[in-house]
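Chemist: Before we start, here is the structure in question, set down as structure tokens.
The values are calculated or read from the model by the stated rules, or taken from the named source; none is laboratory data. All values reported here derive from a predicted model rather than from experimental measurement. In this analysis, Cβ positions are derived from the backbone assuming ideal geometry, glycine residues included, and neighbour counts consider all displayed protein chains. To get the accessible areas, we keep the full protein, side chains included, count just its heavy atoms, and leave off ligands, DNA and RNA. Shrake-Rupley method; radii C 1.70, N 1.55, O 1.52, S 1.80 Å.
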Amino acid sequence: MADPAPKTTVFETMSSLARTLGAINLGQGFPEMEEPGELIAAAQRALAQRSNQYPPMRGLPELRGAICAYYARTQGLDLTLDNVVVTSGGTEALAASLLALVRPGDEVVLVQPLYDAYLPLVEWAGGVAKFVSLTPPYWAFPLDALKAVIGPKTKGLVLNTPNNPVGTMLSGKVLEAIGELAREHDLWVLCDEVWEGMVFDGTPHVSPLAVPALAERAIKVGSAGKIFSMTGWKVGWAVAAPALAARIAGRHQFLTFTTATPLQWAVAEAFALPAMWHREHLARYAAAKARLTDGLTAAGFAVLPASGTWFVTIDLAASGLPADDVQVAERLVREAGVASIPVSAFYAQDAERGYLRLCFTKEPAAIDSALARLAAFRAAI
Ligand code: PMP
């Protein structure tokens with residue numbers, strides 16, 4: 001049976017336009033900054049001295065132990081190796097979790113704006129997505145809409161904190177309220193936390209695993225790609241209560257079976273870097289964020305508050321621009337030579353059209369040229 005080819009994502013479209021037009025790419029989210037030398041050295045050592053053969057299916061015990069220690073230190077979680085499954089990126093953790101949890105006909109609640117993998121993965125598992133949306137411009141979590149959308153067929157929901165694209169985070173209070181609903185309706189909660197290490201305003205990251213009502217029902221997804229800025233390494237993990245983790249491992253076994261052994265060693269070593277290393281790494285990203293945000297604000301753009309991720313969003317109407325994000329993004333890349341991502345691309349229905357996402361993980365010179373182009377574009381409107 002023919003399966004229609006999936007549409008090209010807006011990320012690919014924008015990146016390829018940026019390449020063709022020679023635009024500065026503030027669209028797709030990957031760093032073009034100096035890469036951490038400690039990690040490259042660790043990977044080189046691992047290739048030469050550790051192993052290049054299959055690791056254990058669930059991941060190297062050393063890496064799983066390092067993940068447990070990291071979460072004990074940063075989020076107060078009490079985990080053992082039985083809680084952790086190492087996967088090929090956060091993406092595979094999401095896929096393995098949804099394949100383990102969703103049965104044909106199950107309803108799954110997705111929260112818009114949503115990361116692009118969630119909907120196809122739910123549908124491939126035979127699930128039926130139901131949508132609720134964060135409320136702009138400050139992207140409050142819609143607890144009432146969530147209550148209203150839960151029905152007899154609802155089996156779970158997918159959360160994302162910090163949120164890509166808008167950078168806001170779920171508070172402990174909101175997660176507790178979600179926990180009550182999950183308990184009442186017997187729901188699982190899959191929480192995509194790949195951005196947990198990239199928080200710039202001091203907001204504490206709260207995982208559903210830390211909320212008593214969710215401790216046995218939640219799956220936490222993490223990614224070394226984001227914590228250590230090595231997006232191409234694709235080392236991620238799922239963390240859950242042991243029985244749930246075993247079900248996820250059962251899917252991981254036949255998706256990829258294992259994840260690159262030397263890179264697992266390198267990430268295990270990276271987790272042992274001192275807290276100072278993490279502070280300095282984060283500070284470089286915070287400086288890039290401040291540079292882009294301050295420059296945009298000085299040029300008259302309205303930048304929305306965001307706690308985490310590598311992105312800032314601008315409110316188009318409040319910036320004096322037409323509130324049609326796709327049109328503005330097209331014009332920006334063609335006329336100003338700056339690629340961005342329209343936030344409406346993160347919606348499956350009832351899209352918000354008034355916001356544009358910009359990635360700030362670039363060297364200062366690239367940010368400054370992008371700012372000059374953006375300022376000239378806005379001034380000419
Ligand atoms: N979830 C979200 C919200 C993301 O932004 C990303 C990466 N852009 C991923 C998952 C995928 O992570 P990985 O590259 O580790 O597969």
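Chemist: Taking residue 66, is it among the hydrophobic types (A, V, I, L, M, F, W, C), away from the ligand (no atom under 13 Å from the Cβ) and without any contact (Cβ under 8 Å) to a residue 12 or more places away in the chain?
Modeler: On the way: among the hydrophobic types (A, V, I, L, M, F, W, C): yes; away from the ligand (no atom under 13 Å from the Cβ): yes; without any contact (Cβ under 8 Å) to a residue 12 or more places away in the chain: no.
Here the answer is no, as residue 66 does not meet what is asked.
Chemist: For region 352-381, enumerate the residues that are touching an Asp or Glu at 6+ places or on another chain (Cβ under 9 Å) and free of Cβ contacts under 8 Å to residues at least 40 places away in the same chain.
Modeler: 353, 380, listed by residue number.
Chemist: Would you tally the residues in region 129-155 being open to solvent by 40 Å² or more (accessible area, probe 1.4 Å) and part of a loop (DSSP other than H, G, I, E, B)?
Modeler: 4
Chemist: Could you list, in sequence order, the residues of region 303-335 that are outside any helix (DSSP H, G or I) and among the polar types (S, T, N, Q)?
Modeler: 307, 309, 313
Chemist: Could you name every one of the strands (runs of 3 or more DSSP E) located completely within region 156-273 that has at least 1 residues being open to solvent by 50 Å² or more (accessible area, probe 1.4 Å)?
Modeler: Result: empty, no element qualifies.
Chemist: Go over the candidates 147, 130 one by one and state the one that is closer than 25 Å to residue 93 by Cα, in the same structural domain as residue 216 (by TED's automatic domain parsing) and of a type in the set (Lys, Arg).
Modeler: Checking each option against the conditions leaves just 130.
Chemist: Confirm whether residue 193 is away from the ligand (no atom under 11 Å from the Cβ) and farther than 17 Å from residue 285 by Cα.
Modeler: Values: away from the ligand (no atom under 11 Å from the Cβ): no; farther than 17 Å from residue 285 by Cα: yes.
Answer is no for this residue.
Chemist: Any chance you could count how many residues in region 85-114 are in a helix (DSSP H, G or I), within 12 Å of the ligand (Cβ to nearest atom), among the aliphatic types (A, V, I, L, M) and open to solvent by 10 Å² or more (accessible area, probe 1.4 Å)?
Modeler: 1
Chemist: Moving to a separate point now. Only one of these is in contact (Cβ under 8 Å) with a residue 60 or more places away in the chain, among the β-branched types (Val, Ile, Thr) and touching a Ser or Thr at 6+ places or on another chain (Cβ under 7 Å): 91, 87. Name it.
Modeler: 87
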